[in-house]
Structure formats: structure tokens, C-alpha cells
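S.K.: Before we start, here is the structure in question, set down as C-alpha cells.
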Amino acid sequence: MTSTVVITGANRGVGLALAEHYHQAGWRVIGVCRESSDALQAAAERVIEGIDVTQPESVASLANALRDETLDVLINNAGLLQDESLGSLDFDSIRTQMEVNAYAPLRVCEALLPRLKKGSKIANITSRMGSIADNDSGGRYGYRASKAALNAFGKSLAMDLKPQGIAVAQLHPGYVQTRMVNFGGHILPQEAAAGIVARIEALTLENSGSFWHSNGELLPW
């Protein structure tokens, strides 16, 4: 039977690269986004657009659209990176990043939980910038805090879903050449996607809840 993966933020960047990777591997890809792209239409068997993962009614609409699906993998990839400077902090920016990067993945997980089964996996695309131990440069208050919160949410999800046989991972893709960082990254989205898929394949109930770099490095909290 063909496996099914749902990817949020699938219309470009790492999300699109993941959709293309799974498509080439023979998976049934369901891409979720606010606005689709030609590339996503080519990679995904099904595209659900017009979804704002920060809005309860929109996530409820997504859950309804997937009501007849059984998901093998859920990848919470949609994210937002903004910058704030100490002395002129933009708390609206920080709040928005919390909504997109932390609350939205948790909201999606809860809404789609009935679509998961024993053996299903959840991958939350986080960042090593959410690591408190690894922060040696400061700044990026909203992004760091939101990804740290996502890591905490993911760890709790792993504990709560383990009895149901569902494993959860927090995965840092690497510094990827995407629009989010003005294409200034070190690796291509395709390389990041390949690493993320490898980490998902290696995810088990025994290592559920861990925080990994896509290259296989275990990251500190």
C-alpha cells in the first residue's frame, strides 16, 4: 500500500523539496499551503491551499479535507523568520513568530491526530536557533523563542503519543538556501530534504522526542 505524507508550507523551499523527494520515492504527497505553485502541483497528488495554520477555522477546514485520509507521516514545515533588535523590540513580530512557528504545529498535530495511526510519525521542522545551550550570538528573539517552544511542544507530544505508537522528532534542516534567509544558506533545499527524510526513516518510539540536525547530529536543548 502506498504511504501518505502531509507537508505544510509545501509550496516552496524545504517544503517543496520534501514534496518532490517523497514524490520521487513513490509516496502519496499531500501538500498544504496558503497559495500553491506549479512545482507543488507537479509533485503532490493532492494540494490543499488557502490554509493559514495559525487560524483555528482554517486548521479545522484542513482536518475536514483530510477526514478520509490515513497519514503515515505529518511534517510541520510552515515557518516564519523575522528579526528584532534589543532596544527596539517589535513584540507584534515576536507574537506572530510564536503563532506560526510554535502554536500552529501544535494546533495542526491536535487537529490531525485522528488521521494518524500506530506507526505514524510526526516531524516538526525546527531550528538549532531554538537551542538554548547552542545560543552564542544572541538576537533573533522571536525566532529563537518560538523554535524553543516548538521543541518543548514536540517533546511533550512524543511522550503523550508514545502509548499510541506515534513517534515525534524535532528536525533542524541546516542553513538552507531559501527565500527565508535571502538564499544565503550553505546547502540546497534538496540536500536538506534528503537529510530530513533520512531522520524520519530512522525515527522510532525509542528515540522519539529527540532534537536532530538533518545531517544526523543530535542537538542540545
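The values are calculated or read from the model by the stated rules, or taken from the named source; none is laboratory data. Treat the numbers as computed from the prediction; the structure is a model and nothing was measured. FYI the Cβ positions are ideal-geometry reconstructions off the backbone, even for glycines, and counts take in every protein chain you see.
S.K.: Could you go through region 62-82 and let me know if any residue there is more than 19 Å from residue 7 (Cβ to Cβ) and in contact (Cβ under 8 Å) with a residue 12 or more places away in the chain.
M.R.: Initially, region 62-82 is screened for residues more than 19 Å from residue 7 (Cβ to Cβ), giving 82.
Filter again for in contact (Cβ under 8 Å) with a residue 12 or more places away in the chain, leaving 82.
There is at least one residue in region 62-82 that is more than 19 Å from residue 7 (Cβ to Cβ) and in contact (Cβ under 8 Å) with a residue 12 or more places away in the chain.
S.K.: Only one of 158, 194, 145, 152 is farther than 24 Å from residue 97 by Cα, modelled with pLDDT of 95 or more and hydrophobic (A, V, I, L, M, F, W, C). Can you tell me which?
M.R.: Working: 158 fails: farther than 24 Å from residue 97 by Cα; 145 fails: farther than 24 Å from residue 97 by Cα; 152 fails: farther than 24 Å from residue 97 by Cα.
On inspection, the qualifying residue turns out to be 194.
S.K.: Let me ask something else. Which of the following residues is buried (at least 17 other Cβ atoms within 10 Å of the Cβ), modelled with pLDDT under 95 and not β-branched (Val, Ile, Thr): 184, 174?
M.R.: Answer to the selection: 174.
S.K.: Quick one: in region 72-105, of everything that is part of a loop (DSSP other than H, G, I, E, B) and more than 19 Å from the chain's Cα centre (by Cα), which residue is surrounded by the most Cβ atoms within 10 Å (Cβ to Cβ)?
M.R.: The selected residue is 84.
S.K.: Now for a separate question. Does at least one position in region 139-155 carry a residue that is closer than 21 Å to residue 197 by Cα, touching a residue at least 40 places away in the same chain (Cβ under 8 Å) and surrounded by fewer than 19 Cβ atoms within 10 Å (Cβ to Cβ)?
M.R.: yes
S.K.: Okay, moving on. If I ask for residues that are of a type in the set (A, V, I, L, M), in contact with a Lys or Arg (Cβ under 9 Å, 6 or more places away or on another chain) and surrounded by fewer than 18 Cβ atoms within 10 Å (Cβ to Cβ), which ones from region 1-45 would you list?
M.R.: 39
Yes/no per residue for (1) in contact with a Cys (Cβ under 6 Å, 6 or more places away or on another chain); (2) of a type in the set (A, V, I, L, M); (3) within 24 Å of residue 13 (Cβ to Cβ):
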site	(1), (2), (3)
136	no, no, no
193	no, yes, yes
198	no, yes, yes
211	no, no, yes
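S.K.: Checking the condition of a type in the set (Asp, Glu) and modelled with pLDDT under 95, which residue from 52, 83, 38, 68 passes?
M.R.: Answer to the check: 83.
S.K.: Which one of these does residue 42 not meet: (1) under 25 Å from residue 130 (Cα atoms); (2) in contact with a His (Cβ under 9 Å, 6 or more places away or on another chain)?
M.R.: (1)
S.K.: Could you check how many residues of region 55-71 are closer than 21 Å to residue 169 by Cα and either part of a loop (DSSP other than H, G, I, E, B) or among the hydroxyl-bearing types (Ser, Thr, Tyr) (or both)?
M.R.: 1
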